[in-house]
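Here it is, the structure, as structure tokens.
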Amino acid sequence: MPAPRPQQRVLLVAAAWSLGLLCLAAAEGGGGSCELSVERGGALYNFSLAAPTPAHRHGVLSEDGFYKVAMNDSVIWFQLCDQMIFNFDPPVCLHCEDCGGPLRCGTQCSALASNNIGGYDVCTTIGRASGSHISLIDEGNPQKGVIVKMFSSKCSISVFIFCDSAVAQLPDTFTQSGSCDYVTVLRHPSGCARSVSDAGNGWGWLGTSFITILCLLGGYILIGAIYRYYFLGIRSVEAIPNLEFWISLPWRIKSMFVRPRRNPRSQSRDTRGPYTTVNH
């Protein structure tokens, strides 16, 4: 068999990685850092901060592309579940290289702080959506809301999202601890659990198991087909590994659940036994 070419190796590795990422995304349920499922008292509470609500089509995300809170000589900008977008009023400050640079300041991170130092506004990246964590405000009361905490290399921002099914109240103040750890608060319908169900009757674990099995099966077929097609030179549908088994699989499953029908005549003969004699 000829040695596989570098392009073929790259294709095989890329297929495996792509399938793995798709399965991971499917198993985690989309939103990733902005979704949370917790079990408390036999009930399952689900939070999906980026999911639309009747009054907020982008969920907890700011429709402006960012939240802005100013206090004294300091300003923080942040966006939840995504990077910030500035169509107006962009940050203007020094040291914004790791969040978009001077021309696109604020567009390459999820949270930015500006402090006036020596008469100059100096920016610090304080959070990224990729480095975020979501948890309950009150471990004993999931209905209270959640905390989204985002991190950068040295700083962080914690956004307390209190459940309020009636109105959304934007943040208007923040606190700072240490050199660059910030905390702010908002109230929003997305901070409420979107569904509350009996954990004993939930489909969460079953759905995850089903997705995992499908991903393993799909990965086996995909990688096997690529290997047979490019490395072994097998063309057409024959490139699918163990094709005969997959074709016969429906009949195998059917035979497991359907009993073969017995011949009534043979059954009546069997009931006579081996030593039954027949009188003529």
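Let's test this: bin the Cα-Cα distances of the range 94-140 at 10 Å from zero up to the farthest pair and state each bin's percent.
26, 39, 20, 12, 2
Next question. Quick one: ranking 58, 133 by accessible area, 1.4 Å probe, largest first, what do you get?
133, 58
Ok, one more. Averaged over all directions, how much area does the convex hull of the C-alpha atoms of the range 28-181 cover when projected, in nm²?
In nm², the orientation-averaged hull projection of the range 28-181 is 10.1.
Counting only Cα atoms, I'd like the Rg/Rh figure for the range 91-184, Kirkwood definition for Rh.
1.03
Evaluate the distance, in nm, between pseudo-label points positioned 7 Å from the Cα of residue 236 and of residue 165 along their respective Cα→Cβ axes.
Spacing of the two 7 Å Cα→Cβ label points: 6.1 nm.
Less than 9 Å Cβ to Cβ from residue 156, Lys/Arg counted +1 and Asp/Glu -1: what total charge do the surrounding residues give?
Residues close to residue 156 contribute a combined charge of +1.
Given the Cα-Cα distance of residue 245 and residue 92 and 0.36 nm per residue of separation, how much length would full extension add, in nm?
Net length gain for the segment: 48.7 nm.
Which loop trypsin sites (Lys or Arg not before Pro) in the range 37-110, with loop taken from DSSP, have no more than 16 other Cβ atoms within 10 angstrom of their Cβ?
The qualifying sites are 57, 104.
The values are calculated or read from the model by the stated rules, or taken from the named source; none is laboratory data. Keep in mind the model is a prediction, meaning the values are calculated, not measured. FYI the Cβ positions are ideal-geometry reconstructions off the backbone, even for glycines, and counts take in every protein chain you see. Accessible surface areas use protein heavy atoms only, side chains included; no ligands, DNA or RNA. Shrake-Rupley method; radii C 1.70, N 1.55, O 1.52, S 1.80 Å.
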